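Data block below; observations after.
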Amino acid sequence: GFYLGASREELFDRAEGTVSWSRLPGNKWDYRGDIFKFSGPLDGTEGIAFLRLAFFEDRLFEIIVYYSDTSRTMLHKLRREIEEHYGGTMTAPDGTVEMAYKTYRLSTPEKTITLRRITKHTGIELYVQYMHSELHSRLIQRKLEVQSE
């Protein structure tokens, strides 16, 4: 139900009456777009705790799907599903780089997909991040321009 590059207005119109959302505070030192927390997906997919969506130039450039089941089994299931759907192999840094979490990435010309399982003091997080490549590049460019002013 959420599509990278979609307009904020169109997305909020479709979400109205289906899910709830709230705007998350921005970080004044590191602008990462206009960020919202959504209570669930628009298509009713089960097992999702919540989603975080970020907009830049009023377009959806980042979707982060947080899962209720944070097990290693679910991590491997999601990895297989992503690889089958996008026809690639997710890569991960070796164990010398990551110890408290596991990250897999797959890039296409249009987007980058990151699957991550993190062990924190407050519990374990499992999420998939989808990032629109062009909009993300423009966001980085904007940040560089602001820093050089």
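Values as computed for the structure displayed
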quantity	calculated
P(r) of region 1-124 over all Cα-Cα pairs, binned every 5 Å from zero, in whole percent	2, 9, 17, 20, 21, 18, 10, 2, 1, 0
Histogram of C-alpha separations across region 1-59, 5 Å bin width, %	4, 18, 28, 27, 15, 6, 2, 0
Convex hull volume of region 99-141 per residue (C-alpha atoms, cubic angstrom)	88
Most positive-pole-ward Cα, Gly44, Gly123, Gly33, against dipole of region 27-149 from beta carbon charges	Gly123
Accessible solvent surface per residue of the chain, calculated while the other protein chains remain in place, 1.4 angstrom probe, Å²	61
Residue of Phe55, Phe12, Phe38 that the Gaussian network model of the chain assigns the largest fluctuation, springs spanning Cα pairs under 10 Å	Phe12
Heavy-atom accessible surface of the chain: percent carbon and sulfur, 1.4 Å	49
Residue with peak Gaussian network fluctuation, the chain [Cα springs, cutoff 10 Å], from Tyr67, Tyr130, Tyr86	Tyr86
Dipole in debye (nearest 20) - region 1-119, about Cα centre, beta carbon charges: Lys, Arg +1; Asp, Glu -1	500
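The values are calculated or read from the model by the stated rules, or taken from the named source; none is laboratory data. Note that the structure is predicted; figures quoted are calculated from it, not measured. Neighbour counts are summed over all protein chains in view; Cβ atoms, including those assigned to glycine, are modelled from backbone coordinates with ideal geometry. Protein only, heavy atoms only, side chains kept; ligands, DNA and RNA dropped before computing areas. Shrake-Rupley method; radii C 1.70, N 1.55, O 1.52, S 1.80 Å.
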